[in-house]
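Notes for the one structure printed next.
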Amino acid sequence: MKITAVILTLNEKNNVKECIQHLKPHVDNVIVVDGGSTDGTLDIANILADKVDVRPQVTDFGEERMYAWSLVPEDTDWTLFVDTDERFHDLLLPNIREIIEGVVEKHPETIAFRFPRANLPRCSDFPDYQTRLLKNNENIEWVNDVDEKPMLDGEPVAGIPGKCMTILDKPIWHFREKRPRWYRESRANK
């Protein structure tokens, strides 16, 4: 099973390195689509990512995700969409293939996974569910210029029974601001 991670960037020098390093050991490809960074983001991405594509920033994030998805190798089975300021739960990425296989074995119609996202530091809107892992070669389209969502035949994938599974115990940590001390300390010991 091949998994490609897709990251959209624009002036994310402070986040892109850690994001790629977080993903790289657990996926087959990391693709960065950059909106024209001027802060050194591209220098870092060009060293660490498998593919970097520069495309002038558009204001429609659904369109941007669709473009990025078009760059994913055809032999990819699943695509993981990640924001540079997000990190996945420590038990998700090392076990991602086993998790997918286990769910798909029981529910073969599964084409997507969503995760509760904790928007740190306050988490006032937890769980902020995000559909981020999608099966390739499905008729899925990302829509909306902001708060983009994957849709299938005009319906949000997350709302179609049996198509989208929720992984409740492995949240996404979304760092809107500086990393909290507990997170920095947990990384210092690794």
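Every read-out reported here was derived from the displayed coordinates using simple, explicitly stated rules and does not represent laboratory data. All values derive from a computational prediction rather than experimental measurement. Every residue, glycine as well, gets a Cβ built from its backbone with ideal geometry; the counts of neighbours run over all protein chains shown.
The figures follow:
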item	result
Inter-label distance, nm, simple model (7 Å from Cα along the C-beta direction), Thr59/His107	3.7
Cβ-derived FRET efficiency at R0 30 Å, Val146 paired with Lys2, nearest 0.05	0.50
Under-5 Å amide H pairs with Asp34, H placed in peptide plane, nonlocal only	Thr9, Asp53, Val54, Arg55
Shape category assigned to the stretch 113-155 from the gyration tensor of Cα positions, a/c cut at 1.5	prolate
Amide H within-cut-off set for Met151, under 5 Å, with H built and near neighbours excluded	Glu141, Trp142, Val143, Val157
Three-way shape call for the stretch 89-171 based on the alpha-carbon gyration tensor, with the a/c threshold at 1.5	oblate
For the stretch 126-133, Karplus couplings with θ = phi - 60° (6.51, -1.76, 1.60), whole Hz, Gly/Pro x	6, x, 9, 5, 10, 8, 10, 10
Calculated from backbone phi, Karplus (6.51, -1.76, 1.60) coupling profile of the stretch 74-87 in Hz, x at Gly/Pro	4, 7, 6, 8, 9, 10, 9, 9, 9, 8, 5, 9, 10, 9
In the chain, lysine pairs with alpha-carbon atoms under 13 angstrom apart (chain gap of 8 or more, or interchain)	5
Extended-chain gain in nm, criterion 0.36 nm per residue less alpha-carbon gap, His89 and Glu138	15.0 nm
Taking the chain and dividing mean pair separation by its residue count, relative contact order in percent (alpha carbons under 8 Å, at least six apart)	22
Radius of gyration and Dmax over the Cα atoms of the chain, both given in Å	15.9, 47
Sites matching GluC sites (Glu not before Pro) across the stretch 11-91 that sit in DSSP coil, with at most 13 neighbouring C-beta atoms within 10 Å	Glu74
